[in-house]
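J.: Following this message is one structure expressed as structure tokens.
The values are calculated or read from the model by the stated rules, or taken from the named source; none is laboratory data. All of these numbers come straight from a predicted model, not from anything done at the bench. For neighbour counting, all protein chains shown are included, and Cβ atoms are generated from backbone atoms with ideal geometry for every residue, glycine included. Quick note on the areas: whole protein, heavy atoms, side chains included, nothing else; ligands and nucleic acids left out. Shrake-Rupley method; radii C 1.70, N 1.55, O 1.52, S 1.80 Å.
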Amino acid sequence: MSAPLTTNLAQIGKSVVIKGELSGSEDLYIDGQVEGTIALKGNSLTVGPNGQVKASVEAKGVVVQGKLEGNVQASDRVELRKSAVVNGDISTQRISIEEGAYLKGKVDIQGRAEKAAGK
Amino acid sequence: MASVSQNFMKLFRGSSSGSETTATQGSQKLTRRSSGLGELARVWDSETPLCILDVGSTSPANIRYFTERGHRIYSEDLLVSSTDPGLATKDEEGKPILDSRKFLAENLVYPAAQFDVVLCWNLPDYLDESLVRPVMGRLWSVLKPQGMLLAFFHTKDAGPDSPCYRFHIIEKDVLEMQRIVLKRESRRGPTGAVHTAVSDGFQLQRVFNNRHIETLFRDFASIKFFLARDNVREVLVVR
């Protein structure tokens, strides 16, 4: 499966290995290995089917098709596709999980709690 | 065709022959009414946000069910975790066992008294013998006082081939059961046709009788049995 070709999409191919802090203001597609932290406030992260990410993730949206180990904080939504293997806590407003996805961790839906607190 | 019909019958053997069970989505999913779940539903219908631990196979339906009601859910598939080859060790007599200390160092790592509800499903029936008591002990410790745990146990009439299911909550007392299949292998036969072999999921390790179940949950304050018509005993225990 290849990443969607859009002008504002940065891609990390499957032979690429990165250790450290990743931040940016465009969408990111990772099909390689990344270890560290990923901060994409206002943008989306996609972990491709070959992607192996060991990082805490902060983004607007997160789509996982591969492996992700670390906590995920998404301001909008998280999608775990059927091949996803996620070890970590997820905090988001909306989440969709396909049948077959594996999740070990907490799911915290933020929007609802915030609304309740605001009442 | 024979194998298809055999598999279909196998699905039913471990579940119900009563009217409560119907096949959905081909023969892959069954629904069943659960009295234990119905009793638990009174707890999560409350306005208070709860902390719930689901130690069955990852269920999108359960995650959706609880998060829609404002509860916090933790998902941890302990059966899959127990297949880690790194857990294999030997006891003092040289018999192969799983290393329960290592297992508990890597799984169910939560502060004491964190959860209001633990959904155990049929885990004890399929978990390796060496892990059952340590895991139940850990589940006791992560439950809050008055916290509740729901578990299902096969009766001896269920038979050794009873399939292991993933449980999805679809209504307050209705579950959808989806058979767990560990892997699919496709190969091309001599005629060129592609054959897909689906290996069975987890094997039933043992059948607990009532006394075994009471012993297993002896540290809990109370235990309630619900007998179902499908060779399954539902057990609701309170810490």
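J.: Which number in (1) crowded, with 18+ Cβ neighbours inside 10 Å; (2) more than 8 Å from chain A (Cβ to nearest Cβ); (3) among the polar types (S, T, N, Q); (4) under 22 Å from B:GLY147 (Cβ atoms) marks the one condition that B:SER82 misses?
T.: (4)
J.: Out of the residues in segment B:27-59 that are within 11 Å of chain A (Cβ to nearest Cβ) and open to solvent by less than 10 Å² (accessible area, probe 1.4 Å), state the one that is nearest to A:VAL85 (Cα to Cα).
T.: B:THR58
J.: Exactly one of these conditions fails for A:GLU58: (1) under 30 Å from B:TYR65 (Cβ atoms); (2) at pLDDT 95 or above; (3) part of a strand (DSSP E or B); (4) open to solvent by less than 60 Å² (accessible area, probe 1.4 Å). Give me its number.
T.: Of (1) under 30 Å from B:TYR65 (Cβ atoms); (2) at pLDDT 95 or above; (3) part of a strand (DSSP E or B); (4) open to solvent by less than 60 Å² (accessible area, probe 1.4 Å), only one is false for A:GLU58: (4).
J.: A:LEU28: surrounded by 18 or more Cβ atoms within 10 Å (Cβ to Cβ) and either farther than 30 Å from B:LEU108 by Cβ or within 14 Å of chain B (Cβ to nearest Cβ) (or both), yes or no? Full working, then the answer.
T.: Numbers: surrounded by 18 or more Cβ atoms within 10 Å (Cβ to Cβ): yes; either farther than 30 Å from B:LEU108 by Cβ or within 14 Å of chain B (Cβ to nearest Cβ) (or both): yes.
Spelling it out, A:LEU28 is indeed surrounded by 18 or more Cβ atoms within 10 Å (Cβ to Cβ) and either farther than 30 Å from B:LEU108 by Cβ or within 14 Å of chain B (Cβ to nearest Cβ) (or both).
J.: Just name the residue that is nearest to the chain's Cα centre (by Cα) out of those in segment B:138-184 that are closer than 25 Å to B:PRO49 by Cα and not in a strand (DSSP E or B).
T.: It comes out as B:LEU139.
J.: Test each condition in (1) surrounded by 22 or more Cβ atoms within 10 Å (Cβ to Cβ); (2) within 12 Å of chain A (Cβ to nearest Cβ); (3) touching a His at 6+ places or on another chain (Cβ under 7 Å) for B:ASP125 and report the one that comes out false.
T.: The one condition B:ASP125 does not meet is (2).
J.: Take segment B:187-223 and flag every residue that is open to solvent by 50 Å² or more (accessible area, probe 1.4 Å) and either at positive phi or at pLDDT below 75 (or both).
T.: B:ARG187, B:ARG188, B:PRO190, B:THR191, B:VAL194, B:HIS195, B:THR196, B:ALA197, B:VAL198, B:ASP200 - these are the residues of segment B:187-223 that are open to solvent by 50 Å² or more (accessible area, probe 1.4 Å) and either at positive phi or at pLDDT below 75 (or both).
J.: I've got another one for you. What are the pairs with Cβ atoms under 7 angstrom where one residue, in segment B:66-77, is more than 7 Å from every other protein chain (Cβ to nearest Cβ) and the other, located anywhere, is in a strand (DSSP E or B)? Sequence gap at least six, or different chains.
T.: B:PHE66/B:ILE52; B:PHE66/B:ILE73; B:HIS71/B:ILE52
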